[in-house]
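Accompanying notes for the structure given below.
The values are calculated or read from the model by the stated rules, or taken from the named source; none is laboratory data. Bear in mind the structure is a predicted one, so any value in this text is a computation, not a measurement. Counting neighbours? That spans all protein chains shown, and the Cβs are built from the backbone with ideal geometry, glycine included. In case anyone asks, the SASA skips ligands and DNA or RNA and just uses the protein heavy atoms, side chains included. Shrake-Rupley method; radii C 1.70, N 1.55, O 1.52, S 1.80 Å.
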Amino acid sequence: KLFVPLLIVSLALALAFKMRFWNIGGEGQFMMGAFWAAFVAMKLGDSLPQPAVVLIMALCGALGGGLYGMFVAALKVKWGTNETLLTLMLNYVAIYFLQFFAETKGEWNFFLDPESARPKFAKFPEGAQMITIPIGPFRLNLSLVAALVLCALIFLYLNYTKRGYEIAVVGDSPSTARYAGMKVGRIVIRTIFLSAALIGLAGAFHVSSAGVMSASPTNDVGWTGVVVAWLAKLNTAGILVAALLITVLQFGCQT
């Protein structure tokens with residue numbers, strides 16, 4: 001429950017940090033991704049096949065998180081606002097947004113269990129729960145496979161594509177990037193949308209695997225992801241190892 005979200009969030013934050021965009025909004029972007037994935041789960045969970053519902057949840061979660069982060073990037077490009085402060089503030093907006101749905105009973109609030117006397121999130125329909133693959137006596141959660149594939153794709157994106165090179169140049173010197181003809185504003189917005197979308201995707205994977213929404217679904221991966229990304233020096237392979245070690249340490253402390 002921790003490794004997959006932590007790995008994806010750490011990879012996503014590394015994208016932003018390589019460009020020297022200090023995205024401290026992982027918690028909020030994760031929550032918004034989880035919220036929109038839960039919205040899809042409650043609305044479509046019984047009406048479509050499981051693979052389709054899980055895919056739509058992932059797409060909506062990524063879009064929800066991406067737009068939440070892109071809003072800050074657009075403000076920075078347009079007016080030079082401080083992204084650290086804004087992303088931090090939006091974390092609290094997301095927290096209170098989720099608390100409103102968690103604590104407000106009403107016929108309109110389809111997130112809650114109607115049979116519970118107190119406000120309580122309802123479980124997702126079976127069709128909205130993450131697909132698992134049986135392997136002997138175990139079941140492999142498909143989100144783990146997706147996270148490892150994303151790790152490889154981000155490595156290739158950063159090291160072997162033009163857009164990955166542009167991120168590095170903008171991070172080193174925006175003035176040099178402009179001199180070279182790069183559209184710095186567009187690169188910033190595109191990269192931060194991708195970073196936040198991956199965090200939102202992690203939120204979607206998490207709630208789909210848990211099978212229920214929560215008022216605090218992040219397990220602090222938005223903060224821990226910052227630590228993991230810097231411990232690994234923003235290196236993709238290093239992030240994979242660091243995320244695994246942090247997960248082992250956390251579970252070791254709990255037992």
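Structure notes:
- Helix 236-254 and the longest principal axis of the Cα set of the chain meet at an angle near 40°.
- Solvent-accessible surface ranking, highest first, for S173, S209, S143 at 1.4 angstrom: S209, S173, S143
- Rounded to the nearest 10 degrees, the inclination of helix 3-18 to the longest alpha-carbon principal axis of the chain is 20 degrees.
- A cut-off of 5 Å between modelled amide H atoms, ignoring neighbours fewer than 5 places along the same chain, links I24 with T87, L88.
- Stokes-Einstein diffusion coefficient of the range 173-255, Kirkwood radius over Cα pairs, 37 °C, 0.692 mPa s, in µm²/s: 214 µm²/s
- Ligands, DNA and RNA excluded, the heavy atoms of T84 present near 50 Å² of accessible surface to a 1.4 Å solvent probe.
- Computing Rg and the Kirkwood Rh from the Cα coordinates of the chain gives a ratio, Rg/Rh, of 0.99.
- Charge tally around F121: other residues with Cβ under 15 Å, Lys/Arg +1 each, Asp/Glu -1 each, net +2.
- Degrees between helix 162-172 axis and first principal axis of the chain (Cα, 0 to 90, nearest 10): 70 degrees
- Relative contact order (percent, whole number), the range 87-227, Cα cutoff 8 Å, 6+ residue spacing: 27 percent
- Per-residue 3J(HN,Hα) values for the range 36-50, derived from phi via the Karplus relation 6.51 cos²θ - 1.76 cosθ + 1.60 with θ = phi - 60°, read 6, 5, 5, 4, 5, 4, 6, 8, 10, x, 9, 9, 10, x, 3 Hz in sequence order (x marks Gly and Pro).
- Helix-derived mean residue ellipticity, 222 nm - over the chain, DSSP H n ≥ 4, -39500 (n - 2.57), to 500: -23500 deg cm²/dmol
- Accessible heavy-atom area order of I135, I239, highest first, probe of 1.4 Å: I135, I239
- Measuring max minus min along each principal axis, the C-alpha atoms of the range 16-160 give extents of 49, 43, 24 Å (largest first).
- Coupling constants for the range 202-210 follow from the phi torsions by the Karplus curve (6.51 cos²θ - 1.76 cosθ + 1.60, θ = phi - 60°), and in residue order they are 4, x, 5, 4, 5, 5, 5, 6, 6 Hz; glycine and proline get x.
- Exposure rank, largest accessible area first [C151, C60; 1.4 Å]: C60, C151
- Per-residue SASA entry for R20, accessible area with 1.4 Å probe, Å² rounded to 10: 140 Å²
- Annotation: amide H-H contacts under 5 Å for V212 (H modelled 1.01 Å from N, sequence separation of 5 or more, or interchain): F124.
- Length-normalised contact order of the chain in % [C-alpha pairs under 8 Å, at least 6 apart]: 41 percent
- Summing Lys and Arg as +1 and Asp and Glu as -1 over all other residues whose Cβ lies under 15 Å from the Cβ of F71 gives a net charge of +2.
- The stretch between Y157 and R178 holds 5.4 nm of extra length on full extension. This uses 0.36 nm per residue minus the Cα-Cα distance.
- Whole-number percent relative contact order across the range 1-87, with pairs defined as alpha carbons under 8 Å at least 6 apart: 33 percent
- Taken over the Cα atoms of the range 72-141, the convex hull encloses 191 Å³ per residue.
- Order by protection proxy (mean Cβ within 10 Å, highest first), peptides 230-238, 8-16: 8-16, 230-238
- Interchain or long-range residues, amide H under 5 Å from N141's placed H: I133
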